[in-house]
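The values are calculated or read from the model by the stated rules, or taken from the named source; none is laboratory data. Model, not experiment: these values are computed from the prediction. Don't worry about glycine lacking a Cβ; one is built from the backbone with ideal geometry, like all the others, and counts go over all protein chains shown.
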Amino acid sequence: MNLNPEQITDYASHFLKVLIDYSPKLISAFLILFVGLYVIRLINRFIRKLMISRKLEPTLTKFLADILLWVLRVLLFVSFIGKLGIETSSFVAILGAMGLAVGLSLQGSLSNFAGGMLIILFKPFKVGNTIEAQGVVGTVSEIQIFVTKLITSNNQTIFIPNGSLSNGTIINYSLQETRRADLNIAISYDTDIKKAKEIIMTVLNSNPKILKTPAAEVSVKSLTDTGIQLAVRPWAKNEHFWGVYSDTLEECKRAFDAAGITIQPFVMELSKSTENNSKKEQSNQ
């Protein structure tokens, strides 16, 4: 198509007229955009400082600040295109539909997100605590929005989804400063119970890591077919718990050996297992 000079002049004049008529909206829209971005940055900094001063969890502080930042940016963008004269109702409807589709496709992730928020807000445990949950025991290394990372005693890393973690039973071994070790020692019926209890108490009293208050206890737990079950209950600080647990068993064994007392083996479980296996073999034959 060939354009003569008069048509070019008409197009140019029309373009300039439209640009002049539209320039106030264009200038005001970009002014709103740049001022809005600056104000959003100031609001985000203020919110971060406020949450830090309230001593919220760093993970929660960063996440909430990022969420607020993107929400304000989306609202600013809607205002920007609305100022340009673009219809925003359809744009908002598209955003709503996209949000619904994403929500339906990420139901599991949203459940984990909600669980992470509950954990961060109510703090059933914190980083450094030793917990038992979902069948595993470990030290909390990191609390993320969707998962919680545990480090086990054999240095394995376990990631537990926050959704199942927040809805299940959590045992926090670090929440209290002290912890009781529940030990069972079996002796034969020929053993003097009083003497055995005195030997165990001597072992407990000689261990400086065992607390005097609450006092350690030694009592008869049960009388079984194979022997007498003694319950040994020493208390210790969390950092000394496993040392007290193993030392008590070892020192009681040594003290019993020196006194001529034999710890009764758990033969009942073994005999039952053997009996069940023999019955299975007979049924298979």
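The table for this structure:
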quantity: Scan of the stretch 219-237 for residues that are closer than 28 Å to TYR173 by Cβ and either in a strand (DSSP E or B) or in contact (Cβ under 8 Å) with a residue 60 or more places away in the chain (or both), ordered by number; calculated: SER219, VAL220, LYS221, SER222, GLN229, LEU230, ALA231, VAL232, ARG233, TRP235, ALA236, LYS237
quantity: Candidates VAL71, VAL39, VAL102, filtered to the one that is at pLDDT below 80 and not in a loop (DSSP other than H, G, I, E, B); calculated: VAL102
quantity: Residue within the stretch 187-203 that is hydrophobic (A, V, I, L, M, F, W, C), in a helix (DSSP H, G or I) and in the same structural domain as GLN134 (by TED's automatic domain parsing) present; calculated: no
quantity: Residue selected from the stretch 150-170 under the condition touching a residue at least 40 places away in the same chain (Cβ under 8 Å) and closer than 17 Å to VAL127 by Cβ, by the criterion farthest from the chain's Cα centre (by Cα); calculated: ILE170
quantity: Answer residue from the stretch 188-209, given it is among the hydrophobic types (A, V, I, L, M, F, W, C) and out of contact with any strand residue (DSSP E or B) (no Cβ under 7 Å at 6 or more places or on another chain) and is surrounded by the fewest Cβ atoms within 10 Å (Cβ to Cβ) among those; calculated: ILE199
quantity: Looking only at the stretch 210-249, and only at residues there that are among the acidic types (Asp, Glu) and either over 23 Å from LYS194 (Cβ atoms) or in the same structural domain as ASN129 (by TED's automatic domain parsing) (or both), the one that is surrounded by the fewest Cβ atoms within 10 Å (Cβ to Cβ); calculated: GLU239
quantity: Subset tally (residues that are under 8 Å from the mean Cα position of the chain (by Cα) and in a strand (DSSP E or B)) for the stretch 135-149; calculated: 6
